[in-house]
1. The range 140-212: percent of C-alpha pairs farther apart than 16 Å?
2. In a Gaussian network model over the chain where Cα atoms closer than 10 Å are linked, find which of THR47, THR80, THR113 has the largest mean-square fluctuation.
3. Can you tell which of GLN82, GLN142, GLN35 shows the greatest fluctuation in a Gaussian network model of the chain with Cα springs below 10 Å?
4. Taking every eigenvalue of the Cα gyration tensor of the range 87-140, multiplying by 5 and rooting it, what semi-axes result, largest first, whole Å?
5. To the nearest 10 degrees, how steeply does helix 140-151 sit against the main Cα axis of the chain, on a 0 to 90 scale?
6. In Å and from the alpha-carbon atoms only, list the Rg and Dmax of the range 32-105.
7. Looking at the range 91-212 from every direction and averaging, what is the projected area of its Cα convex hull in nm²?
8. Which sequence of TYR202, TYR185, TYR126, TYR139 reflects their accessible areas, 1.4 Å probe, from the largest down?
Amino acid sequence: MKQITKENHVEEAEATIACHECDLLISLPELEFGQTASCPRCNHLLTRRFLGAHNRILALSISAFIFLLFALPFPFISFTSQGKEFVISFADSIVNMALMDFFSIAILILFTTLLIPGACLLALIYVLISLQRKRLMPYTHQLLQIVFILVDWNMAEIFLVAILVSFIKVSSLASVFLGLSFWSYVFFIICLIASLSLLDRYQIWQKVKQHD
């Protein structure tokens, strides 16, 4: 990809952006597809523009939300020990935490692994659909702000890592089987990470301003 810094800016369609790392104010032109812009002081990546990025983000976000829904009703993990079979769903893991007097942890898991990622995806899908229309739908600006707030609170992938660590420990004591909900949750995280990796704060806000 071509690098664009302060030295090779063009004068047309410039906008001002502050570097996230050193707070340097930089005037940026409208980037061509495949170009990136870096801070001339600290070389921090400011923004990048991909061809068809918003359509890909929309497709990945919808897929991620569908996989998240599929992760709820089916068995998440099942294991057999001493002739007895135990089946745990995603909801059971949160309820069991609350029943064992770990109520605050249960609430934290509920919000960071389910409610916050789900709300973030719904808000992002709404914003992207709004950008595909001639006029923005109501609350597009507010929901986009919510998206970037919720992204920092998403811990779905951390929850999955914790599950895998527990799986390694339990597998030495019992026969463990991964259910449909587990694989749905894995694909949900893959789609979520892929969509957020394509989401560029500067580019999507510029798109919103163009519609205004």
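The values are calculated or read from the model by the stated rules, or taken from the named source; none is laboratory data. None of the values given here were measured: they were computed from a predicted structure. Note that each Cβ is placed from the backbone with ideal geometry, even for glycine, and that neighbours are counted across all protein chains shown. For accessibility, only protein heavy atoms count, side chains too; no ligands or nucleic acids. Shrake-Rupley method; radii C 1.70, N 1.55, O 1.52, S 1.80 Å.
1. Values: 1650 of 2628 pairs.
Distances greater than 16 Å cover 63 percent of the Cα pairs.
2. Highest fluctuation among the options: THR80.
3. It is GLN82.
4. Details: eigenvalues 252, 23, 6 Å².
Semi-axes, largest first: 35, 11, 5 Å.
5. 50 degrees
6. Calculated on Cα positions, Rg and Dmax stand at 22.1, 65 Å.
7. Working: hull surface 36.2 nm².
Taking the Cα atoms of the range 91-212, their convex hull projects to 9.0 nm² on average.
8. Numbers: TYR202 30, TYR185 0, TYR126 70, TYR139 160 Å².
Listed by decreasing accessible area, they come as TYR139, TYR126, TYR202, TYR185.
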